[in-house]
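Remarks on the structure that follows.
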Amino acid sequence: AGIFCCKNNYLRTFSTSKHAMDLKQLQVEKSKFTPPDSLGTKVLPEEVRRFMVDCLTTVGVTKDNAGQMADVLVAADTRGHISHGLNRLEMYVNDVRTKICNGNAVPTIQKQSVSTGLVVGNNGLGPVVGNFSMDLAISKAKETGIGWVCARGSNHYGIAGWYAMRASDQGMLGMSFTNTSPLVAPTRAKKPALGTNPIALAAPAKGGDPFVLDMATCTVAVGKIEICRRKEIPIPEGWALDDQGDVTTDASKAMVGALMPLGGSETNSGYKGYGLSMLVEIFCGLLSGGAYGPNVRRWMDTTKEADLGQCFVAIDPSFFAPGFDDRMADLMDHCRNMEPADPSKPVLAHGDPERANIKKVAEENGLTYHLNQITDSWKLANVLKVKPMAGV
């Protein structure tokens, strides 16, 4: 659970780093505590947020920065992206706890024009850098029709869609990109050189029904491969390579190899996913002057700062043809109303699964977590001496 979902591979690779030692020590500390036998797995979103803020402020994060981080994590869980919510909390706590990331940092503007900006994150929390940068892009878009802001010196910022929706909530198109630790092998390569490099676009539509695309540029998240490894089941062909650069269906071999770009093999157009990943690197690492490609630190390697590059774009549709919201809604509804190949699986628009999950959370009056996550959160609470989450 938590940060240790991929530890067997990456902590072995970087076991000599101080941070890896601290993580192992934290594991030992957590193992000494036994939570109550009966734990509720359903928790109110506001209680999850309270717990996250308490954990972060306990290790020295300012309350405002902790709140920004917690908002992104709770949104991820509420929208159904459970790998990026409570599951990530311990990673952020440890980054601050071991001073790999500055939980109190405030981003600064290095240079700007009427429609562009270059932000320095000062090694701050990713959501703090992301919110600051997207808000700057939005303010510029209100004046000129478009705001394009790049940031460097940032850290993992959670779900990319959060920042894109920050713009769509104000009636604008929002785009967000980030580079990440190199886990993906370029087409024809044996070893990883690029990150999972997500792309997000949120566009407003009539009736408060925005289009929200939030996708990685690789075939699958590394966490899904780890789950297959634990279950001792094969992974689909096209997900990953082994350490010799050969396509593998063995999850254990994949964990020491590389992910494949979106599309998979060259035969299946994996070079297109490779190109999209490069696009993100250009917008994020190269334009910002931050780390890029193979120069980004390896996952869990904390011998140096992450220095992630990120990109945030806001576009005001009122500067273009009128009626954008109507056309956006019409296109989405047309797709939804098409006859499905399988009657049990209706055609969806991007953002529909997340809206369904938000509705489910509201109807069930809480977020439902796996018992292992709840147990792990109690252990973390005990180590940090904060009040554990109370179930519904």
Looking only at segment 120-137, count every residue that is crowded, with 24+ Cβ neighbours inside 10 Å and either charged (D, E, K, R) or part of a helix (DSSP H, G or I) (or both) and tell me the total. 8
Picking from K111, K142, K63, K99, the residue that is touching a helix residue (DSSP H, G or I) at 6+ places or on another chain (Cβ under 7 Å), of a type in the set (K, R) and either in the same structural domain as M175 (by TED's automatic domain parsing) or free of Cβ contacts under 8 Å to residues at least 24 places away in the same chain (or both) would be K63
Options T108, T144, T116; residue that is at pLDDT 95 or above, touching a Lys or Arg at 6+ places or on another chain (Cβ under 8 Å) and closer than 25 Å to F283 by Cβ: T116
Could you check A251 against (1) touching a residue at least 24 places away in the same chain (Cβ under 8 Å); (2) more than 30 Å from G323 (Cβ to Cβ); (3) touching a strand residue (DSSP E or B) at 6+ places or on another chain (Cβ under 6 Å) and say which number it fails? (3)
Among residues of segment 297-345 being of a type in the set (A, V, I, L, M) and within 24 Å of T144 (Cβ to Cβ), the residue surrounded by the fewest Cβ atoms within 10 Å (Cβ to Cβ) is A321
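Looking only at segment 219-228, decide whether some residue is of a type in the set (K, R) and over 20 Å from the mean Cα position of the chain (by Cα).
Within segment 219-228, none of the residues are of a type in the set (K, R) and over 20 Å from the mean Cα position of the chain (by Cα).
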Can you tell me which of V296, V256 is modelled with pLDDT of 95 or more and β-branched (V, I, T)? V296
Among what's in segment 336-388 and is β-branched (V, I, T) and touching a strand residue (DSSP E or B) at 6+ places or on another chain (Cβ under 7 Å), pick the residue that is modelled with the lowest pLDDT. T368
Filter segment 364-377 for residues that are surrounded by 17 or more Cβ atoms within 10 Å (Cβ to Cβ) and either in contact with a Pro (Cβ under 6 Å, 6 or more places away or on another chain) or of a type outside the set (S, T, Y) (or both) and give the result. G366, L367, Q373, I374, T375, D376
Here, helices (runs of 4 or more DSSP H) confined to segment 238-336 with at least 1 residues that are under 30 Å from G117 (Cα atoms) are 270-281, 324-336
Return the only residue of V347, V313 being assigned by TED's automatic domain parsing to the domain that holds G174 and closer than 27 Å to A75 by Cα. V313
Of the residues in segment 337-361, how many are among the aliphatic types (A, V, I, L, M), part of a loop (DSSP other than H, G, I, E, B) and closer than 14 Å to P210 by Cα? 2
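For (1) touching a Lys or Arg at 6+ places or on another chain (Cβ under 8 Å); (2) surrounded by fewer than 19 Cβ atoms within 10 Å (Cβ to Cβ); (3) more than 20 Å from T375 (Cα to Cα); (4) modelled with pLDDT under 70, each residue gets a yes or a no:
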residue	(1), (2), (3), (4)
A20	no, no, yes, yes
Q27	no, yes, no, yes
D37	no, yes, no, yes
K42	no, yes, no, no
N65	no, no, yes, no
H81	no, no, no, no
Residues that are among the polar types (S, T, N, Q) and either surrounded by fewer than 24 Cβ atoms within 10 Å (Cβ to Cβ) or at pLDDT 95 or above (or both): find the strands (runs of 3 or more DSSP E) completely inside segment 153-227 holding 1 or more of those. 173-178
Among the numbered conditions (1) under 21 Å from M134 (Cβ atoms); (2) modelled with pLDDT under 95, tell me where A251 comes up short. (1)
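The values are calculated or read from the model by the stated rules, or taken from the named source; none is laboratory data. Everything quoted here is computed from the prediction, not taken from an experiment. Every residue, glycine among them, receives a Cβ derived from its backbone with ideal geometry; neighbour counts consider all protein chains shown.
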